[in-house]
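Q: The structure follows.
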Amino acid sequence: MLSDDTLDASGRDDHWISAADLLGGALILFFLLMLYFMLTQQEESAAHEQAWKQTVESLQTKLKGAQMNVDSVKEVAVLYDKKRDELYHELMLEFGADLPKWNAEIEDDLTVRFNEPEVLFAVGSSTITDEFRDILNDFFPRYLKVITQDGFGDSIEELRIEGHTSSFWNRSNPASPLDAYLKNMDLSYERSRSVLRYVMLDNPRLGNYLPWLRKHLTANGLSSSKLIYKPDGTEDFARSQRVEFRIRTDIQSKMAKILELES
C-alpha cells in the first residue's frame, strides 16, 4: 500500500508532466503560427512584388507606346512642313513676277492675299471689277495646278475663299461698331461668294478641277474679325479690305488618327 507521501509525489509528478505537455504544445502551436505567418508574409510579399512588376511593365509599355505616338506625330508634322515649304517655293516660282502688279502676297502658310480694295470691288459692293476678273482668270487655274500637284490636293480638307473688311462702314450711312460689324459680315460674305461663283462658273480654264472644287472650295465672310494693323498698332483700313485664298489641310485629323490607332 502506498503511503501518502508516495501519492503526493506521484500527483505532483503528474501535475508537472501535464504542465510540461501543455507548455510544449503551446510552443509547438506558437512555432506553427509563426511559420504560417512567415509563409503568409512571403506569399503576400511575392504577390506584391509580382503586382509591382506588372505595374512597372505596364507603365513601360505605355511609355513606349506614348513615345511611338509622339515620334509618329512628329514625323507627320515634319513631312507636312517639308511639303508646305516646297509648295510655298512652287507658288513663288509661279507667281513671283505677278504679285507686284496684282498687289498680292503669299504668306508662309500658303495664304494668297489680294490687297488692293479698289481693284477688287467698288466701295460697298460685292460685284467683281473687270480688273479683278482678269486677275482671277490668270491666277486661279495656275493656282489650282500648283496646290494639287504631287498628291498634295488629297491632303487639303478645305480651300477657303475669305472676304475681309475693315471696321469702317459707309460715311454717308454711319453705324455703331456692332452694326458696322454685322453689315460688313454680310458684305464680306457676298464678296467671297461672288469670287467663288466667278471662278467656278465663268472661268473657262478649270477643266477637270470642278469635281475637286465642289468638294473643297468654300466661301467665307469674316467681316472685320481679322484686321491688319500698321506697325504703330493702328488699323490699316486699306489692307484690311482684302480677299484671301487659304488652305486648310488634314494634318490635325491625321495626327488624331495616329494617336487613336497606337493608343
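The values are calculated or read from the model by the stated rules, or taken from the named source; none is laboratory data. Quick caveat: nothing in here was measured; it's all calculated off a predicted structure. Neighbour counts are summed over all protein chains in view; Cβ atoms, including those assigned to glycine, are modelled from backbone coordinates with ideal geometry.
Q: Can you name the residue in region 185-237 that is over 22 Å from Val119 (Cα atoms) and of a type in the set (Phe, Trp, Tyr) and is also farthest from the chain's Cα centre (by Cα) among such residues?
A: Ranking the candidates gives Tyr209 first.
Q: Would you check if Asp138 is under 23 Å from Asn220 (Cα atoms) and within 36 Å of the chain's Cα centre (by Cα)? Full working, then the answer.
A: Numbers: under 23 Å from Asn220 (Cα atoms): yes; within 36 Å of the chain's Cα centre (by Cα): yes.
Answer is yes for this residue.
Q: I would also like to ask the following. Suppose we filter region 93-111 for residues that are of a type in the set (A, V, I, L, M), assigned to a helix (DSSP H, G or I) and under 23 Å from Lys226 (Cβ atoms); how many remain? Break it down stepwise before answering.
A: First pass over region 93-111, keeping only residues of a type in the set (A, V, I, L, M): 93, 97, 99, 104, 106, 110.
Still in the running and assigned to a helix (DSSP H, G or I): 93, 99.
Within this subset, residues satisfying the condition of being under 23 Å from Lys226 (Cβ atoms) are 99.
Adding up the residues that qualify gives 1.
Q: Could I ask something else about it? Quick one: how many residues across region 156-170 are touching a residue at least 60 places away in the same chain (Cβ under 8 Å) and surrounded by 16 or more Cβ atoms within 10 Å (Cβ to Cβ)? Walk me through how you get there before you give the answer.
A: Keep residues of region 156-170 that are touching a residue at least 60 places away in the same chain (Cβ under 8 Å), which gives 156-168.
Okay, now just the ones that are also surrounded by 16 or more Cβ atoms within 10 Å (Cβ to Cβ), so 156, 159-166.
Looking only at that region, the number is 9.
Q: Can we say Leu201 is within 23 Å of Ser125 (Cβ to Cβ), exposed (fewer than 14 other Cβ atoms within 10 Å of the Cβ) and either at pLDDT 95 or above or aliphatic (A, V, I, L, M) (or both)?
A: On the way: within 23 Å of Ser125 (Cβ to Cβ): yes; exposed (fewer than 14 other Cβ atoms within 10 Å of the Cβ): yes; either at pLDDT 95 or above or aliphatic (A, V, I, L, M) (or both): yes.
For Leu201, the condition - within 23 Å of Ser125 (Cβ to Cβ), exposed (fewer than 14 other Cβ atoms within 10 Å of the Cβ) and either at pLDDT 95 or above or aliphatic (A, V, I, L, M) (or both) - is met.
Q: Give region 73-125 a look and list any residue that's of a type in the set (A, V, I, L, M) and in contact (Cβ under 8 Å) with a residue 60 or more places away in the chain, or say none.
A: Across region 73-125, the qualifying residues are Val73, Val76, Ala77, Leu87, Leu110, Val112, Leu120.
Q: Given the criteria among the acidic types (Asp, Glu), under 17 Å from Ser240 (Cα atoms), free of Cβ contacts under 8 Å to residues at least 40 places away in the same chain and not in a loop (DSSP other than H, G, I, E, B), does Asp179 qualify?
A: no
Q: Among the residues that make up region 116-135, is at least one of them basic (Lys, Arg) and over 28 Å from Glu94 (Cα atoms)? Break it down stepwise before answering.
A: To start, the set of residues in region 116-135 that are basic (Lys, Arg) comprises 133.
Next, from what is left, pick out any that are over 28 Å from Glu94 (Cα atoms): none.
For region 116-135, residues basic (Lys, Arg) and over 28 Å from Glu94 (Cα atoms): absent.
Q: Give the residue, chosen from Leu196, Leu210, that is in a helix (DSSP H, G or I), free of Cβ contacts under 8 Å to residues at least 12 places away in the same chain and among the aliphatic types (A, V, I, L, M). Before you say what the answer is, go through the steps one by one.
A: Numbers: Leu196 fails: free of Cβ contacts under 8 Å to residues at least 12 places away in the same chain.
Every option except Leu210 fails the conditions.
Q: Please pick out the residue among Lys226, Lys254 that is under 28 Å from Arg84 (Cβ atoms), in a loop (DSSP other than H, G, I, E, B) and either touching a strand residue (DSSP E or B) at 6+ places or on another chain (Cβ under 7 Å) or modelled with pLDDT under 95 (or both). Please lay out each step first, then the result.
A: On the way: Lys254 fails: in a loop (DSSP other than H, G, I, E, B).
After applying the criteria, what remains is Lys226.
Q: Spot the failing condition for Phe152; the list is (1) closer than 20 Å to Phe121 by Cβ; (2) in contact (Cβ under 8 Å) with a residue 40 or more places away in the chain, and only one is missed.
A: (1)
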